[in-house]
Amino acid sequence: MLKAQDIPVKELILSALEARKKAYTPYSEFKVGAAVLTAELRIYTGCNIENAAYSPGICAERTAVYKAISEGCRKIKAIAIVGDKTGDSISQYAFPCGVCRQVMREFSNPEEMIVIVAKSCEEYQLYTLNQLLPESFGPENLI
Ligand code: THU
């Protein structure tokens, strides 16, 4: 079992900050970057990608998770998220939306999965997914 202290927090935050630079956000001008750590200890990154028709847009977290899943990974151990309006400085903690929390739930153990919301490598907060999505519904319910 991977513990919080085994998570490469700074590497994940730096990866998320780098991914945020690629966000495509002509409509909201709110740029988000995410980096997931898989059970294989691989890191996949993602950014939010908007669309002129609005609803086809996707959040950074789901971009990152789906990149990992599409490469064959099935368990997510941690995710780092950075988000703020266009510009280099991050002055808020961008928490994952409800849909992204449910997608993380699908591919993790919510008691163990670590969600890192960050402003920088020095300023960040750690949560378990269970804290952000308590009493959740998941794959086990359908067995
Ligand atoms: N967004 C994310 O990328 N992640 C979240 O968890 C919340 C919102 C994006 C979607 C949209 O492109 C922009 O931020 C404003 O909602």
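FYI, it's all coordinate maths here, none of it is from the lab. Model, not experiment: these values are computed from the prediction. Cβ: placed from backbone, ideal geometry, glycine included. Neighbour counts: every protein chain shown.
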Give region 109-143 a look and list any residue that's closer than 21 Å to S89 by Cα, touching a residue at least 12 places away in the same chain (Cβ under 8 Å) and loosely packed, with under 15 Cβ neighbours inside 10 Å, or say none. S120, C121, Q125
Scan region 79-97 and tell me whether some residue there is near the ligand (Cβ under 9 Å from one of its atoms) and of a type in the set (S, T, Y). no
For residues that are farther than 24 Å from T25 by Cα and buried (at least 19 other Cβ atoms within 10 Å of the Cβ), scanning just region 98-108, find the one that is nearest to the ligand (Cβ to nearest atom). R105
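For every residue, the table says whether it meets (1) closer than 23 Å to L132 by Cα; (2) in contact with a Cys (Cβ under 9 Å, 6 or more places away or on another chain).
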| position | (1), (2) |
| --- | --- |
| I7 | yes, no |
| I13 | yes, yes |
| P26 | no, no |
| A53 | no, no |
| S70 | no, no |
| V82 | yes, no |
| G87 | no, no |
Across region 109-128, what is the total count of residues that are within 13 Å of the ligand (Cβ to nearest atom) and in contact with a Ser or Thr (Cβ under 8 Å, 6 or more places away or on another chain)? 1
